[in-house]
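As structure tokens, the structure follows; a few thoughts come after it.
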Amino acid sequence: MKILLLGVRGQVGWELHRALSPLGDVVACGRKEADLSNLDGLRTVAAVANADVIVNAAAYTAVDKAETEGAQAERINHEAVAVLAAHAKRSGSILVHYSTDYVFDGTKASPYVETDATRPINFYGSTKLRGEEAIQSSGCRHLIFRTSWVYAARGGNFVRTMLRLAATRDELNVVSDQVGAPTAAELIADVTALALYRGLDGGLYHLTAAGETSWHGFAQLVIGEAQILGRALKAGPGQVKAIPTAAYPTPAKRPANSRMSTDKLRTALGITLPPWQHHARRVVAELAAESK
């Protein structure tokens, strides 16, 4: 199996390079080798690679900046994805793509399922939804994984931000009325590799860790775990104050409910997804070891 991996230097792409390697020959590309904002260049990369599987872990993920950089977000999250889908249709390859909980408006009282109506409330979510739709309408073989609250030991993410702020501030204010499942890049990569190995039927699946928490609860666990591991922090879990979304305005609106049911994926693969705390503790431990 030949695999073209796009976005290898990102959080998910980095873990995918590891997880996909046992499956075959992985051609790994970062932005320098495959810039998704250059559509003609992307067509050339896909044609030259001539891969059996295209795994697109590249995306425009600056949610707030997307409100003012709409053309760039649209190019990368929609137009480039349409190019990949068209190539996959012509070549018969499988396209694996990652989407987001932000395709929903967050008003549902229970976890979202794959068939729920989509209604993005920010521009980033709209571009990701159009990417999904481009893949589905192309007729190519595909796997789309919607995930949420992604983090890793590398890159810019909530875990690293909380640890950085806790090291320099006596108190942190974190939103407590947005609920979801923090999902590690490592878990996303491992499930992707398993799905390809098992030959999972194409389609749309929700992929998140089990359980749920708020950003406030996530921050408390991260900071508390770091303290247990001996990291020097000025603010502990007790100094993480819960605030409402209204007290922390951002250019892009966020859904209050980001919970997504993973029943479809777990049934299809016969797996149990670990609680969100499992990988959160692993990532904090990795970061704590690096800081010593």
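The values are calculated or read from the model by the stated rules, or taken from the named source; none is laboratory data. Nothing here was measured: the structure is a model prediction, and the numbers come from that model. Ideal geometry is used to build each Cβ from the backbone, glycine not excepted, and the neighbour counts take in all protein chains shown. SASA here: full protein model, heavy atoms, side chains in, ligands and nucleic acids out. Shrake-Rupley method; radii C 1.70, N 1.55, O 1.52, S 1.80 Å.
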Ala51 meets each of (1) farther than 15 Å from Cys140 by Cα; (2) open to solvent by less than 50 Å² (accessible area, probe 1.4 Å); (3) outside any helix (DSSP H, G or I) with one exception, condition (1)
Residue count, segment 127-153, condition of a type in the set (Lys, Arg) and under 19 Å from Val191 (Cα atoms), comes to 2
Residue set Leu265, Leu273; condition open to solvent by less than 30 Å² (accessible area, probe 1.4 Å) and in a loop (DSSP other than H, G, I, E, B); output residue Leu273
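Could you run through segment 201-222 and say how many residues are over 27 Å from Thr161 (Cα atoms) and either at pLDDT 95 or above or crowded, with 23+ Cβ neighbours inside 10 Å (or both)? First the steps, then the outcome.
Pass one, segment 201-222, residues over 27 Å from Thr161 (Cα atoms): 201-205.
Adding the requirement that they be either at pLDDT 95 or above or crowded, with 23+ Cβ neighbours inside 10 Å (or both) leaves 203-205.
The total comes to 3.
This table checks each residue for (1) assigned to a strand (DSSP E or B); (2) open to solvent by less than 60 Å² (accessible area, probe 1.4 Å); (3) touching a strand residue (DSSP E or B) at 6+ places or on another chain (Cβ under 7 Å).
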{"residue": "Ala66", "(1), (2), (3)": "no, yes, no"}
{"residue": "Ala73", "(1), (2), (3)": "no, yes, no"}
{"residue": "Glu79", "(1), (2), (3)": "no, no, no"}
{"residue": "Ala85", "(1), (2), (3)": "no, yes, yes"}
{"residue": "Ala88", "(1), (2), (3)": "no, yes, yes"}
{"residue": "Asp105", "(1), (2), (3)": "no, yes, no"}
{"residue": "Ser110", "(1), (2), (3)": "no, yes, no"}
{"residue": "Ala117", "(1), (2), (3)": "no, no, no"}
{"residue": "Tyr124", "(1), (2), (3)": "no, yes, no"}
Restricted to segment 249-262 and to residues being among the hydrophobic types (A, V, I, L, M, F, W, C) and in a loop (DSSP other than H, G, I, E, B), the residue least open to solvent (accessible area, probe 1.4 Å) is Ala252
Here, helices (runs of 4 or more DSSP H) confined to segment 135-246 with at least 3 residues that are under 30 Å from Gly24 (Cα atoms) are 185-198
Among the residues that make up segment 230-248, is at least one of them surrounded by 15 or more Cβ atoms within 10 Å (Cβ to Cβ), in contact (Cβ under 8 Å) with a residue 12 or more places away in the chain and among the basic types (Lys, Arg)? yes
